[in-house]
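The values are calculated or read from the model by the stated rules, or taken from the named source; none is laboratory data. Everything quoted here is computed from the prediction, not taken from an experiment. Note that we place each Cβ from the backbone using ideal geometry, even for glycine, and neighbour counts take in every protein chain shown. Heads up: the accessible areas ignore ligands, DNA and RNA and are worked out on the full protein's heavy atoms, side chains in. Shrake-Rupley method; radii C 1.70, N 1.55, O 1.52, S 1.80 Å.
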Amino acid sequence: MGTMLRRRGLFSIALVLLLLLAAAGSCAAAARLSPNYYRRSCPRVERIVADVIAAKQRANPSTAAGTLRLFFHDCFVNGCDASVLVSPLSSDSSPERAAEINLSLPGDAFDAVDRAKAALEAACPGTVSCADILALAARDLVGILGGPRFPVALGRRDSLRSDARDVEGNLPRTNMSARAMVRLFASKGLSPREMVALAGAHTVGFSHCAEFAHRLYGFKSADGYDPRLNPEFALALQRSCAGYRSDPTVSIFNDVVTPRDFDEAYYKNLPHGLGLLASDAALWEYPPTRVFVQRYAGNRTAFFEDFAAAMQRLGSVGVKTGWQGGVRRRCDALD
Ligand code: HEM
(Lines give C-alpha, C1' and ligand atoms only; values in the text may rest on other atoms or scores of the structure.)
Protein backbone atom coordinates (compact mmCIF):
# COMPACT_ATOMS: atom_id res chain seq x y z
CA MET A 1 0.00 0.00 0.00
CA GLY A 2 2.81 2.39 1.06
CA THR A 3 4.75 1.57 -2.13
CA MET A 4 1.61 2.19 -4.21
CA LEU A 5 1.16 5.63 -2.62
CA ARG A 6 4.81 6.49 -3.16
CA ARG A 7 4.50 5.41 -6.80
CA ARG A 8 1.36 7.47 -7.24
CA GLY A 9 3.15 10.46 -5.66
CA LEU A 10 6.09 10.05 -8.02
CA PHE A 11 3.70 9.66 -10.95
CA SER A 12 1.89 12.91 -10.06
CA ILE A 13 5.17 14.82 -9.75
CA ALA A 14 6.32 13.48 -13.13
CA LEU A 15 2.96 14.44 -14.65
CA VAL A 16 3.16 17.98 -13.26
CA LEU A 17 6.73 18.32 -14.52
CA LEU A 18 5.70 17.08 -17.96
CA LEU A 19 2.80 19.54 -18.08
CA LEU A 20 5.09 22.39 -17.02
CA LEU A 21 7.62 21.47 -19.68
CA ALA A 22 4.92 21.27 -22.32
CA ALA A 23 3.59 24.69 -21.27
CA ALA A 24 7.10 26.17 -21.38
CA GLY A 25 7.64 24.66 -24.82
CA SER A 26 4.40 26.01 -26.22
CA CYS A 27 5.07 29.46 -24.70
CA ALA A 28 8.53 29.56 -26.25
CA ALA A 29 7.10 28.47 -29.59
CA ALA A 30 4.29 31.03 -29.28
CA ALA A 31 6.70 33.86 -28.40
CA ARG A 32 6.69 35.99 -31.52
CA LEU A 33 7.95 39.43 -32.29
CA SER A 34 5.24 42.06 -32.12
CA PRO A 35 5.11 45.80 -32.85
CA ASN A 36 3.31 46.26 -29.50
CA TYR A 37 5.79 44.29 -27.41
CA TYR A 38 6.68 47.24 -25.13
CA ARG A 39 3.21 48.83 -25.14
CA ARG A 40 2.86 48.51 -21.38
CA SER A 41 6.48 48.21 -20.23
CA CYS A 42 8.00 51.06 -22.28
CA PRO A 43 5.36 52.80 -24.40
CA ARG A 44 7.68 55.58 -25.64
CA VAL A 45 10.43 53.22 -26.84
CA GLU A 46 10.16 54.14 -30.54
CA ARG A 47 10.09 57.90 -29.84
CA ILE A 48 13.08 57.67 -27.50
CA VAL A 49 15.18 55.69 -29.99
CA ALA A 50 14.13 57.96 -32.88
CA ASP A 51 15.17 61.13 -31.04
CA VAL A 52 18.56 59.83 -29.93
CA ILE A 53 19.35 58.36 -33.33
CA ALA A 54 18.34 61.47 -35.27
CA ALA A 55 20.58 63.62 -33.04
CA LYS A 56 23.48 61.21 -33.47
CA GLN A 57 23.05 61.19 -37.26
CA ARG A 58 22.99 65.01 -37.34
CA ALA A 59 26.25 65.11 -35.38
CA ASN A 60 27.96 62.24 -37.27
CA PRO A 61 26.47 61.62 -40.73
CA SER A 62 28.40 58.36 -41.22
CA THR A 63 26.28 56.81 -38.45
CA ALA A 64 23.48 55.74 -40.80
CA ALA A 65 25.40 53.51 -43.20
CA GLY A 66 27.52 52.09 -40.39
CA THR A 67 24.46 51.16 -38.32
CA LEU A 68 22.76 49.51 -41.28
CA ARG A 69 25.82 47.34 -41.84
CA LEU A 70 26.07 46.67 -38.10
CA PHE A 71 22.50 45.35 -38.08
CA PHE A 72 23.27 43.02 -41.01
CA HIS A 73 26.45 41.72 -39.33
CA ASP A 74 24.52 41.13 -36.11
CA CYS A 75 21.66 39.20 -37.71
CA PHE A 76 23.82 36.92 -39.86
CA VAL A 77 25.91 35.64 -36.95
CA ASN A 78 23.72 33.62 -34.56
CA GLY A 79 20.67 35.79 -35.29
CA CYS A 80 19.66 39.39 -34.44
CA ASP A 81 20.73 39.21 -30.81
CA ALA A 82 23.12 42.15 -30.27
CA SER A 83 26.07 39.78 -29.96
CA VAL A 84 28.10 41.97 -32.35
CA LEU A 85 27.82 44.94 -29.98
CA VAL A 86 29.96 43.50 -27.19
CA SER A 87 33.22 45.40 -26.89
CA PRO A 88 36.50 43.45 -26.78
CA LEU A 89 37.43 45.79 -23.90
CA SER A 90 34.56 44.46 -21.81
CA SER A 91 35.53 40.81 -21.81
CA ASP A 92 38.58 38.57 -21.48
CA SER A 93 37.64 36.46 -24.48
CA SER A 94 37.39 37.66 -28.07
CA PRO A 95 33.81 38.72 -28.99
CA GLU A 96 32.35 38.95 -32.53
CA ARG A 97 33.36 42.58 -32.84
CA ALA A 98 37.02 41.53 -32.72
CA ALA A 99 36.67 39.34 -35.84
CA GLU A 100 38.64 40.81 -38.75
CA ILE A 101 35.56 41.46 -40.93
CA ASN A 102 33.95 43.49 -38.12
CA LEU A 103 36.93 45.74 -37.44
CA SER A 104 35.78 48.22 -40.11
CA LEU A 105 32.38 48.68 -38.46
CA PRO A 106 32.45 52.35 -37.45
CA GLY A 107 32.49 53.39 -33.80
CA ASP A 108 29.66 55.86 -34.42
CA ALA A 109 27.26 53.00 -35.13
CA PHE A 110 28.03 51.32 -31.79
CA ASP A 111 27.84 54.69 -30.06
CA ALA A 112 24.40 55.35 -31.55
CA VAL A 113 23.04 52.15 -29.98
CA ASP A 114 24.78 52.80 -26.66
CA ARG A 115 23.25 56.27 -26.46
CA ALA A 116 19.75 54.99 -27.21
CA LYS A 117 20.23 52.27 -24.59
CA ALA A 118 21.29 54.85 -21.98
CA ALA A 119 18.15 56.90 -22.69
CA LEU A 120 15.96 53.80 -22.44
CA GLU A 121 17.60 52.61 -19.22
CA ALA A 122 16.70 55.99 -17.74
CA ALA A 123 13.08 55.76 -18.97
CA CYS A 124 12.35 52.01 -18.59
CA PRO A 125 15.20 50.26 -16.73
CA GLY A 126 16.06 46.68 -17.71
CA THR A 127 13.28 46.46 -20.29
CA VAL A 128 14.33 47.10 -23.90
CA SER A 129 16.84 44.74 -25.50
CA CYS A 130 19.89 45.97 -27.38
CA ALA A 131 18.82 43.76 -30.31
CA ASP A 132 15.52 45.66 -30.58
CA ILE A 133 17.30 49.01 -30.29
CA LEU A 134 19.61 48.09 -33.18
CA ALA A 135 16.64 47.01 -35.34
CA LEU A 136 14.82 50.29 -34.62
CA ALA A 137 17.94 52.40 -35.17
CA ALA A 138 18.67 50.78 -38.56
CA ARG A 139 15.05 51.36 -39.64
CA ASP A 140 15.04 54.99 -38.49
CA LEU A 141 18.31 55.76 -40.25
CA VAL A 142 17.13 54.33 -43.58
CA GLY A 143 14.18 56.73 -43.31
CA ILE A 144 16.42 59.68 -42.45
CA LEU A 145 18.50 59.03 -45.58
CA GLY A 146 15.37 59.14 -47.73
CA GLY A 147 14.65 55.41 -47.89
CA PRO A 148 11.41 53.59 -47.06
CA ARG A 149 9.78 53.61 -43.64
CA PHE A 150 8.47 50.34 -42.27
CA PRO A 151 7.29 48.81 -39.00
CA VAL A 152 9.72 46.92 -36.77
CA ALA A 153 8.37 43.99 -34.78
CA LEU A 154 9.92 43.86 -31.29
CA GLY A 155 10.65 41.38 -28.53
CA ARG A 156 14.13 40.16 -29.50
CA ARG A 157 16.23 39.03 -26.55
CA ASP A 158 19.95 39.71 -26.28
CA SER A 159 22.60 37.06 -26.49
CA LEU A 160 24.50 36.40 -23.30
CA ARG A 161 27.58 35.27 -25.22
CA SER A 162 29.65 36.59 -28.11
CA ASP A 163 32.53 34.74 -29.74
CA ALA A 164 34.67 35.92 -32.65
CA ARG A 165 34.99 32.31 -33.80
CA ASP A 166 31.28 32.24 -34.70
CA VAL A 167 31.73 34.89 -37.41
CA GLU A 168 33.72 33.03 -40.08
CA GLY A 169 31.51 31.60 -42.81
CA ASN A 170 28.41 33.55 -41.76
CA LEU A 171 29.11 36.85 -43.51
CA PRO A 172 29.59 37.39 -47.24
CA ARG A 173 33.01 38.23 -48.63
CA THR A 174 33.63 40.43 -51.67
CA ASN A 175 35.38 37.57 -53.46
CA MET A 176 32.31 35.30 -53.28
CA SER A 177 30.46 34.39 -56.45
CA ALA A 178 26.82 35.46 -56.66
CA ARG A 179 25.90 31.78 -56.46
CA ALA A 180 27.82 31.39 -53.19
CA MET A 181 26.17 34.53 -51.79
CA VAL A 182 22.74 33.20 -52.76
CA ARG A 183 23.57 29.99 -50.86
CA LEU A 184 24.69 31.92 -47.78
CA PHE A 185 21.55 34.08 -47.74
CA ALA A 186 19.41 30.99 -48.30
CA SER A 187 21.01 29.43 -45.21
CA LYS A 188 19.55 32.40 -43.27
CA GLY A 189 16.13 31.93 -44.86
CA LEU A 190 16.49 34.78 -47.37
CA SER A 191 15.68 34.47 -51.07
CA PRO A 192 17.79 35.78 -54.00
CA ARG A 193 15.25 38.58 -54.37
CA GLU A 194 15.63 39.56 -50.70
CA MET A 195 19.40 39.35 -51.04
CA VAL A 196 19.51 41.72 -54.02
CA ALA A 197 17.08 44.11 -52.31
CA LEU A 198 19.25 44.17 -49.16
CA ALA A 199 22.44 44.66 -51.17
CA GLY A 200 20.81 47.94 -52.22
CA ALA A 201 22.04 49.19 -48.84
CA HIS A 202 25.25 49.84 -50.78
CA THR A 203 23.51 52.92 -52.12
CA VAL A 204 25.02 54.65 -49.08
CA GLY A 205 28.26 54.52 -47.13
CA PHE A 206 31.88 53.77 -47.91
CA SER A 207 34.25 50.94 -48.63
CA HIS A 208 37.92 50.99 -47.74
CA CYS A 209 40.26 50.67 -50.73
CA ALA A 210 41.64 47.39 -49.36
CA GLU A 211 38.23 45.82 -50.10
CA PHE A 212 38.51 46.36 -53.87
CA ALA A 213 42.23 47.13 -54.49
CA HIS A 214 42.64 43.71 -56.13
CA ARG A 215 40.39 45.01 -58.93
CA LEU A 216 42.65 48.02 -59.50
CA TYR A 217 46.29 46.99 -59.31
CA GLY A 218 48.03 44.02 -60.94
CA PHE A 219 44.76 42.53 -62.21
CA LYS A 220 45.43 39.90 -64.90
CA SER A 221 43.96 41.78 -67.87
CA ALA A 222 45.23 43.98 -70.74
CA ASP A 223 44.73 47.18 -68.74
CA GLY A 224 45.81 45.85 -65.35
CA TYR A 225 42.40 46.47 -63.78
CA ASP A 226 39.20 44.45 -63.60
CA PRO A 227 37.65 44.80 -67.09
CA ARG A 228 34.18 44.74 -65.53
CA LEU A 229 34.94 48.23 -64.19
CA ASN A 230 34.06 51.26 -66.28
CA PRO A 231 37.51 52.43 -67.59
CA GLU A 232 37.20 56.03 -66.37
CA PHE A 233 35.96 54.84 -63.00
CA ALA A 234 38.84 52.36 -62.75
CA LEU A 235 41.45 55.05 -63.48
CA ALA A 236 39.88 57.44 -60.97
CA LEU A 237 39.86 54.69 -58.33
CA GLN A 238 43.50 53.84 -59.08
CA ARG A 239 44.40 57.46 -58.37
CA SER A 240 42.25 57.82 -55.25
CA CYS A 241 43.44 54.57 -53.69
CA ALA A 242 47.12 54.93 -54.65
CA GLY A 243 48.24 55.48 -51.05
CA TYR A 244 45.93 52.97 -49.40
CA ARG A 245 48.74 50.78 -48.06
CA SER A 246 50.34 53.62 -46.12
CA ASP A 247 46.94 55.10 -45.22
CA PRO A 248 44.44 52.24 -44.82
CA THR A 249 41.64 54.67 -43.91
CA VAL A 250 41.23 55.84 -47.53
CA SER A 251 37.65 55.00 -48.55
CA ILE A 252 35.37 55.50 -51.54
CA PHE A 253 31.60 56.00 -51.66
CA ASN A 254 29.78 52.76 -52.46
CA ASP A 255 27.43 54.67 -54.75
CA VAL A 256 29.56 57.22 -56.56
CA VAL A 257 26.57 58.87 -58.25
CA THR A 258 24.32 59.79 -55.29
CA PRO A 259 26.45 58.75 -52.30
CA ARG A 260 24.33 60.24 -49.53
CA ASP A 261 20.85 59.39 -50.80
CA PHE A 262 19.05 56.15 -50.17
CA ASP A 263 17.84 55.54 -53.74
CA GLU A 264 18.01 53.04 -56.60
CA ALA A 265 21.21 54.51 -58.12
CA TYR A 266 23.24 51.53 -56.82
CA TYR A 267 21.38 49.25 -59.26
CA LYS A 268 21.60 51.74 -62.12
CA ASN A 269 25.38 51.84 -61.61
CA LEU A 270 25.95 48.09 -61.94
CA PRO A 271 25.38 47.63 -65.72
CA HIS A 272 27.74 50.58 -66.31
CA GLY A 273 30.67 49.06 -64.44
CA LEU A 274 30.21 51.46 -61.53
CA GLY A 275 29.79 48.81 -58.85
CA LEU A 276 32.64 49.30 -56.40
CA LEU A 277 32.99 45.82 -54.89
CA ALA A 278 33.52 42.65 -56.90
CA SER A 279 30.46 41.27 -55.08
CA ASP A 280 28.37 44.17 -56.43
CA ALA A 281 29.54 43.46 -59.98
CA ALA A 282 28.74 39.76 -59.45
CA LEU A 283 25.04 40.53 -58.88
CA TRP A 284 24.84 41.90 -62.41
CA GLU A 285 26.61 38.96 -64.04
CA TYR A 286 24.56 36.15 -62.54
CA PRO A 287 21.16 35.85 -64.30
CA PRO A 288 19.16 34.81 -61.19
CA THR A 289 20.25 38.02 -59.41
CA ARG A 290 20.49 40.24 -62.51
CA VAL A 291 16.71 40.15 -62.99
CA PHE A 292 16.23 41.90 -59.66
CA VAL A 293 19.00 44.42 -60.35
CA GLN A 294 17.17 45.31 -63.57
CA ARG A 295 13.83 45.56 -61.81
CA TYR A 296 15.08 47.85 -59.03
CA ALA A 297 17.20 50.00 -61.38
CA GLY A 298 14.07 51.02 -63.24
CA ASN A 299 11.62 51.23 -60.36
CA ARG A 300 12.30 52.97 -57.06
CA THR A 301 8.93 51.95 -55.64
CA ALA A 302 9.67 48.27 -56.28
CA PHE A 303 13.08 48.64 -54.60
CA PHE A 304 11.66 50.44 -51.57
CA GLU A 305 8.85 47.92 -51.12
CA ASP A 306 11.19 44.96 -51.42
CA PHE A 307 13.89 46.55 -49.27
CA ALA A 308 11.37 47.28 -46.50
CA ALA A 309 10.03 43.72 -46.62
CA ALA A 310 13.54 42.20 -46.74
CA MET A 311 14.70 44.30 -43.76
CA GLN A 312 11.80 42.93 -41.74
CA ARG A 313 12.78 39.40 -42.72
CA LEU A 314 16.44 40.14 -41.91
CA GLY A 315 15.32 41.41 -38.51
CA SER A 316 13.69 38.08 -37.73
CA VAL A 317 16.68 35.86 -38.57
CA GLY A 318 17.48 33.56 -35.64
CA VAL A 319 15.85 35.82 -33.06
CA LYS A 320 15.80 34.78 -29.42
CA THR A 321 12.44 35.24 -27.70
CA GLY A 322 10.64 34.15 -24.55
CA TRP A 323 13.12 32.73 -22.06
CA GLN A 324 16.05 32.62 -24.46
CA GLY A 325 18.92 35.06 -23.85
CA GLY A 326 18.14 38.11 -21.72
CA VAL A 327 17.90 41.89 -21.70
CA ARG A 328 21.43 43.16 -21.20
CA ARG A 329 21.98 46.16 -18.97
CA ARG A 330 24.63 47.47 -21.34
CA CYS A 331 24.90 46.89 -25.07
CA ASP A 332 28.70 46.92 -25.12
CA ALA A 333 29.04 44.29 -22.41
CA LEU A 334 27.57 40.91 -21.59
CA ASP A 335 25.91 41.90 -18.31
C1 HEM B 1 25.71 40.74 -50.45
C2 HEM B 1 26.87 40.62 -49.89
C3 HEM B 1 27.60 41.75 -49.21
C4 HEM B 1 28.94 41.93 -49.23
C5 HEM B 1 29.98 41.04 -49.89
C6 HEM B 1 29.22 43.14 -48.51
C7 HEM B 1 30.48 43.67 -48.26
C8 HEM B 1 30.72 44.93 -47.80
C9 HEM B 1 32.03 45.53 -47.67
C10 HEM B 1 33.35 44.84 -47.97
C11 HEM B 1 31.86 46.80 -47.26
C12 HEM B 1 32.96 47.84 -47.01
C13 HEM B 1 33.28 47.92 -45.53
C14 HEM B 1 34.39 48.88 -45.25
O15 HEM B 1 35.37 48.91 -46.00
O16 HEM B 1 34.29 49.60 -44.23
C17 HEM B 1 30.45 47.01 -47.10
C18 HEM B 1 29.89 48.21 -46.70
C19 HEM B 1 28.56 48.34 -46.42
N20 HEM B 1 27.62 47.33 -46.43
FE21 HEM B 1 27.81 45.54 -47.28
N22 HEM B 1 28.05 43.67 -48.07
C23 HEM B 1 27.02 42.86 -48.47
C24 HEM B 1 25.68 43.01 -48.15
C25 HEM B 1 25.19 44.01 -47.36
C26 HEM B 1 23.87 44.04 -46.78
C27 HEM B 1 22.84 42.93 -46.92
C28 HEM B 1 23.76 45.21 -46.09
C29 HEM B 1 22.62 45.74 -45.26
C30 HEM B 1 21.39 45.40 -45.36
C31 HEM B 1 25.01 45.92 -46.27
C32 HEM B 1 25.27 47.18 -45.81
C33 HEM B 1 26.44 47.87 -46.02
C34 HEM B 1 26.61 49.29 -45.75
C35 HEM B 1 25.51 50.26 -45.35
C36 HEM B 1 27.95 49.59 -45.99
C37 HEM B 1 28.64 50.93 -45.79
C38 HEM B 1 29.19 50.96 -44.36
C39 HEM B 1 29.80 52.26 -43.92
O40 HEM B 1 29.80 53.24 -44.65
O41 HEM B 1 30.31 52.29 -42.78
N42 HEM B 1 25.85 45.14 -47.00
N43 HEM B 1 29.78 45.86 -47.43
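Compare the Cα positions of ASN299, VAL128, ALA54 along the charge dipole of the chain (+1 at Cβ of Lys, Arg; -1 at Cβ of Asp, Glu; about the Cα centre) and return the one farthest towards the positive end.
VAL128
Please list, in order along the range 258-263, the HN-Hα scalar couplings obtained from phi with the Karplus expression 6.51 cos²θ - 1.76 cosθ + 1.60 (θ = phi - 60°), rounded to whole Hz, x for Gly and Pro.
Calculated HN-Hα couplings, in order: 10, x, 9, 9, 7, 8 Hz.
Over all pairs of distinct alpha carbons, what does the Kirkwood formula give as the hydrodynamic radius of the range 232-287, in Å? Present the calculation step by step, with values, prior to reporting the outcome.
Working: mean 1/r = 0.0812 Å⁻¹.
One decimal place: 12.3 Å for the Kirkwood radius.
If you roll a 1.4 Å probe over the chain with all protein chains in place, what percent of the accessible area is carbon or sulfur?
Numbers: 9250 of 16210 Å².
That fraction is 57 percent.
Between the DSSP loop rule and a limit of at most 15 other Cβ atoms within 10 Å, which chymotrypsin sites (Phe, Trp or Tyr not before Pro) in the range 179-232 are left?
Values: sites: PHE185, PHE206, PHE212, TYR217, PHE219, TYR225; in loops: PHE212, TYR217, PHE219, TYR225.
Within the range 179-232, the qualifying chymotrypsin sites (Phe, Trp or Tyr not before Pro) (loop, at most 15 other Cβ atoms within 10 Å) are TYR217.
Quick check: net charge around VAL86, other residues with Cβ under 11 Å of its Cβ, Lys/Arg +1 and Asp/Glu -1? Before the final figure, lay out the partial values.
Numbers: positive: ARG97, ARG161, ARG328, ARG330; negative: ASP74, ASP81, GLU96, ASP158, ASP163, ASP332, ASP335.
Value of the local net charge: -3.
Please report, in whole Å, how far the alpha carbons of the chain spread along each principal axis, starting with the longest.
95, 43, 41
Any idea what angle helix 63-76 forms with the longest principal axis of the chain, computed on alpha-carbon atoms, 0 to 90 degrees, nearest 10?
Value to nearest ten degrees: 60.
Taking the Cα centre of each part, how many Å lie between the range 201-220 and the range 33-104?
Centre-to-centre (Cα) distance: 25 Å.
Compute the length gained on full extension between MET176 and LEU89: take 0.36 nm times their separation in residues and subtract their Cα-Cα distance, giving the result in nm to one decimal. Mind dumping the intermediate values first?
Working: separation 87, 0.36 × 87 = 31.32 nm, distance 3.16 nm.
Between MET176 and LEU89, full extension yields an extra 28.2 nm.
Along the Cα-to-C-beta direction of ALA59, a point sits 7 Å from the Cα; which residues of the range 294-331 have their amide N less than 20 Å from that point?
330-331
Using Cα positions and a limit of under 22 Å, work out the lysines in reach of LYS188, with same-chain residues fewer than 8 apart set aside.
Cross-link targets: LYS320.
How big is the shadow of the Cα convex hull of the range 33-191, averaged over all directions, in nm²?
Values: hull surface 38.7 nm².
Directional mean of the projected Cα hull area for the range 33-191 stands at 9.7 nm².
At 222 nm, what value in deg cm²/dmol follows for the chain if DSSP H runs of at least 4 each add -39500 (n - 2.57) and the sum is divided by all its residues, to the nearest 500?
Details: 12 runs with 157 residues, N = 335.
After summing the helix terms and dividing by the residues of the chain, the value is -15000 deg cm²/dmol.
Per residue, how much accessible area does the chain have with a 1.4 Å probe, in Å²? Could you put the intermediate results ahead of the total?
Details: 16210 Å² over 335 residues.
Accessible area per residue: 48 Å².
Once fully extended, how much extra length lies between ASP166 and THR249, figured as 0.36 nm per residue of separation less the alpha-carbon to alpha-carbon distance?
Values: separation 83, 0.36 × 83 = 29.88 nm, distance 2.64 nm.
Separation in residues times 0.36 nm, less the Cα-Cα distance, equals 27.2 nm.
Which residue, ASN60, ASN254, ASN78, tops the fluctuation ranking in a GNM of the chain built on C-alpha contacts under 10 Å?
Looking only at ASN60, ASN254, ASN78, the biggest GNM fluctuation is shown by ASN60.
According to the Kirkwood expression over distinct Cα-Cα pairs, how big is the hydrodynamic radius of the range 135-248, in Å?
Details: mean 1/r = 0.0569 Å⁻¹.
Hydrodynamic radius (Kirkwood, Cα only) of the range 135-248 equals 17.6 Å.
Ignoring everything but the protein chains, give the 1.4 Å probe accessible area of ARG295 in square angstrom, nearest 10.
100 Å²
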